[in-house]
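We did not get these values from a lab; they are worked out from the coordinates using the rules stated. Given the structure is predicted, the values throughout are model-derived calculations rather than measurements. No Cβ is skipped: glycine too gets one built from the backbone with ideal geometry, and neighbour counts run over all protein chains shown.
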Amino acid sequence: MKKIAVLGGDGIGPEVVREATLLLEELRDRGLPIALWPLDLGAERYLRDGTTFPAEVRATLASEYSAVLLGALGDPRVPGLEHARDILFGLRFGFDLYANVRPVKALADRLVPLTGRTARDVDLLVFRENTEGIYVGIGGQMRRGTPDEIAINEDVNTRKGVERIQRAAFEHARTRPRKRLHMADKSNAMRHAHELWLRVFDELRREYPDVEASHVYVDALCMYVIQDPSQFDVIVTNNLFGDIVTDLGAALQGGLGMAGSANVHWSDPSRLALFEPVHGSAPPLAGKAVANPFAALLTVGMMLAHLGWPELERRIERAVIEALDAGRCTRDVGGTLSTPEAAAWVRERLRAT
Ligand code: NAD
Ligand code: IPM
Ligand code: MN
């Protein structure tokens, strides 16, 4: 029995996670050995009683749970985003989920916005370092609000952290048909931190001679990805660049409504993992039933594959492709359906196949 905690969060998060939950409940009712635990956390809860990410929840997740499915966090009523950081980073950092795996895969030709390109050209996977970099929150402000103000965020890169994410990317790249890996950094400007990235990459590429390994500066990477996404297979990069490159990547997939992701402790998959669409809470879309639920459904696929049911991931992806082909989807990807209608159509296809 695999236990999954479900956290809708804020904005469109609960809307897309509701659809993902209906899919999981249906699979459970047809015999899949999973149990679901809805977590009442997010901006609503924080505004109500100040709770962000309680120690008891953390402890229960650590001792009993295999996965967390998260919608999105971020609410204009909490401008400092303190609840979002506590929860999101409490999971990513707290559970040492160092590999944020974000597929950039187009599922229909019309979703690729580049002239002359089709879905075949967009199938790459980003390994984003997920536990260090500029995200660690080390730094501070001095003389705030004065003309002499100083604001600092430190970029933390450890030998262990850099090596383990690059190793994960090499390990994964060698299982793919093209066996190609690009490491993107900014070692020309960030010569201390990113010299480490470059040195580790040069060491590891010798351990993985079957992988075609190339180094590329992240600014150039962004240009090359737009010029010809088909040349990319696996990309590994740091926390901040991975965040940016995967929103760029989402644009090649038909937008953020199509992008799923996994946060895992790569070398020990038995540990709790976090699954979330790449998108945020999209406050302007919230409450209108227009959010695309496919990123969340594809994320469920990634989660089920991680938990040992890869065939379910393939079936979910196929059903989403069929929905796109039939125009049974939300407006952002060329359809006219509402969030629940688009998701219900996918569930119906899954039942039928
Ligand atoms: P966003 O991802 O919410 O939205 C960016 C754009 O994509 C918007 O135009 C939005 O309408 C569109 N979009 C996003 N999801 C969509 C969907 N499912 N269907 C259709 N269109 C979709 O990013 P933002 O506007 O920069 O951030 C909003 C809030 O979300 C902020 O508070 C931010 O910090 C937070 N955020 C949270 C997460 C997370 O919880 N993992 C991720 C990203 C942003
Ligand atoms: C993401 C988001 C988060 C990140 C924000 C909400 C802190 O943009 O998951 O991509 O930067 O990691
Ligand atoms: Mn992001």
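Rounded, prolate or oblate for the chain? Axes are the square roots of the Cα gyration tensor eigenvalues, ordered a ≥ b ≥ c, and the cut-off for rounded is a/c under 1.5. Cα axes put the chain in the rounded bin.
Extending 7 Å from the Cα toward the beta-carbon at both residue 47 and residue 150 defines two label points whose distance is 3.8 nm.
Based on Cα contacts under 8 Å between residues 6+ apart, segment 109-258 shows a relative contact order of 35 percent. When the helices of the chain are scored as -39500 (n - 2.57) per DSSP H run of n ≥ 4 and the total is divided over every residue, the value at 222 nm lands at -13000 deg cm²/dmol. Rounded, prolate or oblate: which fits segment 260-353 when a ≥ b ≥ c are the square roots of the eigenvalues of the alpha-carbon gyration tensor, with rounded for a/c under 1.5 and prolate only if a/b beats b/c? Taking the square roots of the gyration eigenvalues as a ≥ b ≥ c, segment 260-353 is oblate. When only Cα pairs below 8 angstrom with a gap of at least 6 residues are kept, segment 180-316 shows a relative contact order of 19 percent. Approximating the spin labels as points 7 Å out from Cα along Cα→Cβ, the residue 22-to-residue 160 distance works out to 4.5 nm.
Looking at the chain, the DSSP beta bridges with both ends there are about 40 percent antiparallel. Pairs of lysines in the chain whose Cα atoms sit within less than 26 Å of one another amount to 4, provided the residues are eight or more positions apart or on different chains. Provide the FRET efficiency to the nearest 0.05 for the residue 115-residue 188 pair, computing r from the beta carbons and using R0 = 41 Å. Calculated transfer efficiency: 0.85. In terms of packing, defined here as the mean over residues of other Cβ atoms within 10 angstrom, the peptides 47-55, 106-114 line up highest first as 106-114, 47-55. When the square roots of the Cα gyration tensor eigenvalues are ordered a ≥ b ≥ c, the ratio a/c for segment 109-258 is 1.5 or more and a/b does not exceed b/c, which makes its shape oblate. Taking other residues whose beta carbon is less than 14 angstrom from the beta carbon of residue 241, and scoring Lys, Arg as +1 and Asp, Glu as -1, yields -4. Here the spin labels are modelled as points 7 Å beyond Cα on the Cα-Cβ line, and at residue 247 and residue 36 they lie 3.0 nm apart. Taking every alpha-carbon pair under 8 Å whose residues sit at least 6 apart, segment 1-125 reaches a relative contact order of 28 percent.
Computed extension length for residue 351-residue 202: 48.8 nm, one decimal, from 0.36 nm per residue of separation with the Cα-Cα distance subtracted. Express as a percent, rounded to the nearest 5, the fraction of DSSP beta bridges in segment 109-258 (both residues included) that run antiparallel. Percent antiparallel among DSSP bridges in segment 109-258 is about 25.
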